[in-house]
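K.L.:
Provided herewith is a single structure, encoded as structure tokens, for subsequent inquiry.
The values are calculated or read from the model by the stated rules, or taken from the named source; none is laboratory data. The shown structure was predicted, so the numbers you read here are calculated from the model rather than taken from an experiment. Here the Cβ is made from the backbone with ideal geometry for all residues, glycine too, and neighbour counts use every protein chain on show.
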Amino acid sequence: MLAEGAVIGVASWALAVGLSLPLSAVVGRVLASISAQDLAPRLGAPAVFLLLLALLVGAVVASLGLALRASRWSVRQSLALA
């Protein structure tokens, strides 16, 4: 369960980074036209990896409660829910 949470966290990070590049370019163009200044949006590598770290920690912590609860169940209890 923890690995599943980590995989979902990495997938959401990749999607967030992929969407942030074109969206920040659009927002940068709009703000540049409003402020009459040249704005060059940048996505810093430390910020991207800090986001990855935060997402992984959050995903593992969220999965940890479910994993601990599931580890206390017997096979019979697990199959009864299915």
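K.L.:
Cβ-Cβ below 6 Å, separation at least six or inter-chain, first residue in the range 1-28 and closer than 12 Å to L51 by Cβ, second small (G, A, S): which pairs?
P.N.:
Hits for this filter: G9/A59.
K.L.:
Quick check: anything in the range 55-75 more than 24 Å from V7 (Cα to Cα), among the basic types (K, R) and over 14 Å from the mean Cα position of the chain (by Cα)?
P.N.:
no
K.L.:
Are any residues in the range 6-23 among the β-branched types (V, I, T) and under 8 Å from the mean Cα position of the chain (by Cα), and if so, which ones?
P.N.:
Correct list: I8, V10.
K.L.:
Give all pairs with beta carbons closer than 8 Å in which a residue from the range 52-71 that is of a type outside the set (A, V, I, L, M, F, W, C) meets a residue that is surrounded by 15 or more Cβ atoms within 10 Å (Cβ to Cβ); count only pairs at least 6 apart in sequence or on separate chains.
P.N.:
Filtered contacts from the range 52-71: G58/G9; S63/M1; S63/G5; S63/A6.
Conditions tested, residue by residue: (1) exposed (fewer than 10 other Cβ atoms within 10 Å of the Cβ); (2) at pLDDT below 90.
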{"position": "S33", "(1), (2)": "no, yes"}
{"position": "D38", "(1), (2)": "yes, yes"}
{"position": "L43", "(1), (2)": "no, yes"}
{"position": "L52", "(1), (2)": "no, no"}
{"position": "L56", "(1), (2)": "no, no"}
{"position": "S63", "(1), (2)": "no, yes"}
{"position": "L66", "(1), (2)": "no, yes"}
{"position": "R69", "(1), (2)": "no, yes"}
{"position": "R72", "(1), (2)": "yes, yes"}
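K.L.:
Looking only at the range 17-40, count how many residues are assigned to a helix (DSSP H, G or I) and either among the aliphatic types (A, V, I, L, M) or in contact with a His (Cβ under 6 Å, 6 or more places away or on another chain) (or both).
P.N.:
We begin by selecting, within the range 17-40, every residue assigned to a helix (DSSP H, G or I); these are 17-35.
Now narrow it down to the ones that are either among the aliphatic types (A, V, I, L, M) or in contact with a His (Cβ under 6 Å, 6 or more places away or on another chain) (or both): 17, 19, 21, 23, 25-27, 30-32, 34.
Adding up the residues that qualify gives 11.
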